[in-house]
Amino acid sequence: MWKKITVSFIAALAIILQINVAPVEAAGLQGYIDTGDGYKFLYPNGWVAVKTTKGADIIFHDLIESSENVSVVISQVDKDKKLSDLGTASDVGYKLGKNAIAPPGSGREAELIGAETNEVKGKTYYILEYDVKLPNSRRHNIASVVISRGKLFTFNASTTDRRWTKMKKVFEEVVSSFSVA
């Protein structure tokens, strides 16, 4: 009898723990997989995909805050090239900020405020964080950069400075979810 009660208690506890943990994991995120280019990531529920003809491979943006977005840009590199061949996380972050996030003549300034290296399943990812000044506003960007199969993948999440405090944890989770095959 005690065995049945113990098993029932453990089963009930497991169900309760799943109920409390599952919504946190799903906390308003859903997955996107591009099998052709070999990448995947999470993005907030309610966001819509925008296919582009130039620049980004895919963009998702919020329906209400349409300037809040995530995007993937893919560039070709030599098949033998590794991310470390491009420099440290700080080196790559500085170059990306100067040439892509705030290129000359854009009226933007990008300050690299964080750069770290993560190893996931044998691949090196640089996680880069920027404070971006525009002529009449500020934005916050987090990017993940990785090289795989002769391609440089740049995954970027961006929001206004006004929304940064609310979106920071979500964007950190979204950016850390980005992975390539």
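Each reported figure results from applying straightforward, stated rules to the coordinates on display, with no laboratory input. All figures in this text were calculated on a predicted structure; none of them were measured in a lab. Backbone-built Cβ (ideal geometry, glycine too); neighbour counts: all protein chains shown.
Here the relative contact order of the chain, from alpha carbon pairs under 8 Å that lie six or more residues apart, stands at 19 percent. Simple spin-label model, 7 Å along Cα-to-Cβ: T52 to D161 in nm? My value for the distance between the label points is 2.3 nm. Each stretch of four or more DSSP H residues adds -39500 (n - 2.57); spread over every residue of the chain, this sum gives -9000 deg cm²/dmol at 222 nm.
The distance between label points at I64 and K169 comes to 1.8 nm (points 7 Å beyond Cα on the Cα→Cβ vector).
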